[in-house]
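Data block below; observations after.
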Amino acid sequence: HTHSLTLHPAEEATCTEAGNTAYWSCSCGKYFSDGEGKTEIAGDSWIIPAAGHDFEDGACRICGYPQAGTEGLAYTLIEGGMAYEVSGIGEATDQKIVIPSAYRGLPVIGIGEYAFENCDITSLYLPDSIRSIGGKAFQGCSRLTGVFITDLAAWCEAEVAFDSNPLFHAENLYLNNKPVRELVVPEGVTHIGDNVFSSCKNLTSVTVPDSVTRIGARAFS
């Protein structure tokens, strides 16, 4: 058997995503550390584990992701009292809005209709627990310049109501503080939700794996 090798370039690990050293793969299922197919790699030793956030003074000193959610936001119980959605700006005064993954011991899984309508916010940090964004949740938020996520797979499978994507104003999506331009949907993602990348104008390419069986309405409009 003569190996037909494909190079996988090295990628740095981030706080939340694993990286890898450069390696070569063959269609026969073997992996090598050189392009001659002479040094076989066992297991998954080319993988560099995610480093995890290193919080200092309220933010990760590596990627800048905030440690805690914005104080004063309004929440509403949903899912029969088993989860919360952010229902409004409440008493919050920050222009940088950080949605927490949990509130009072329950997961925060959504942002309600009109939650931030006409609010003077400039950046939005979303946890991987968010599954949905309700209608006109960010209507009039003209000062938004960036939407920040840490889990691309979770964002891909969220459902965003028409005209509700914060990217309509922000236009810039950041993954672990890096702008998303060449989008590679992670293996294992089964669907791309309605409107999730709508108005993400900096995208230059999209790669979709075979695991995706549905792409929602206006997902990339």
* For A158, distant residues with modelled amide H under 5 Å away -> G193
* Reciprocal mean inverse distance between Cα atoms of segment 81-143 - Kirkwood radius, Å -> 11.8
* With charges only on Cβ, +1 for K and R and -1 for D and E, what is the dipole size of segment 100-176 about its Cα centre, in debye, rounded to 20? -> 180
* Structure fact -> Taking the dipole of segment 1-113 about the Cα centre (Lys, Arg +1; Asp, Glu -1; charges at Cβ), the one of S25, Y75, G90 that reaches farthest to the positive side is S25
* Structure fact -> For segment 27-181, the dipole about the Cα centre with charges only on Cβ (Lys and Arg +1, Asp and Glu -1), to the nearest 20 debye, works out at 180
* Work out from phi, with θ = phi - 60° and the Karplus expression 6.51 cos²θ - 1.76 cosθ + 1.60, the ³J(HN,Hα) of each residue of segment 21-37, listed in order in whole Hz, and give x for Gly and Pro. => 7, 5, 8, 10, 10, 10, 5, 7, x, 9, 10, 9, 8, 9, x, 9, x
* To do: Could you please report the charge total around A22, scoring K, R as +1 and D, E as -1 over all other residues with beta-carbon less than 10 angstrom from its beta-carbon?
  => -2
* May I ask for the net charge around L73, where only other residues with Cβ less than 10 Å from the Cβ of L73 are counted and Lys, Arg are +1 while Asp, Glu are -1? => -3
* To do: Before anything else, pin down the relative contact order of segment 65-221: Cα pairs under 8 Å, at least 6 apart, normalised by residue count, whole percent.
  => 16
* Counting all C-alpha pairs of the chain, share separated by more than 26 Å (%) -> 43
* Asked: What ³J(HN,Hα) values, in whole Hz, does the Karplus curve 6.51 cos²θ - 1.76 cosθ + 1.60 give for segment 101-115 when θ = phi - 60°, with x put for Gly and Pro?
  -> 7, 8, 9, 6, x, 10, x, 9, 10, x, 10, x, 4, 6, 4
* Which residue, chosen from G110, A170, S123, occupies the Cα position most advanced towards the positive end of the dipole of the chain, where the dipole is computed from +1 (Lys, Arg) and -1 (Asp, Glu) charges on Cβ about the Cα centre? -> A170
* Taking a temperature of 37 °C and a viscosity of 0.692 mPa s, what whole-number D in µm²/s does Stokes-Einstein yield for segment 172-217 with Rh from Kirkwood over alpha carbon pairs? -> 291
* **Antiparallel DSSP beta bridges within segment 43-181, percent to nearest 5** => 45
* Taking each pair of different alpha-carbon atoms in segment 92-209 once, compute 1/r for the pair, average those values, and report the inverse of that mean as the Kirkwood hydrodynamic radius in Å to one decimal. => 14.3
* Percent relative contact order of segment 10-127, based on C-alpha pairs within less than 8 angstrom and at least six residues apart? -> 17
* To do: Hey, can you grab everything whose amide H is under 5 Å from the amide H of S129? Only 5+ residues off in sequence or another chain; H modelled, so Pro and N-termini drop out.
  => none
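A short reminder: the numbers here are calculations on the coordinates, not readings from a lab. The structure presented is a predicted model; accordingly, all values stated were derived computationally and were not measured. Glycine gets a Cβ as well: all are built from the backbone with ideal geometry, and neighbour counts include every protein chain shown.
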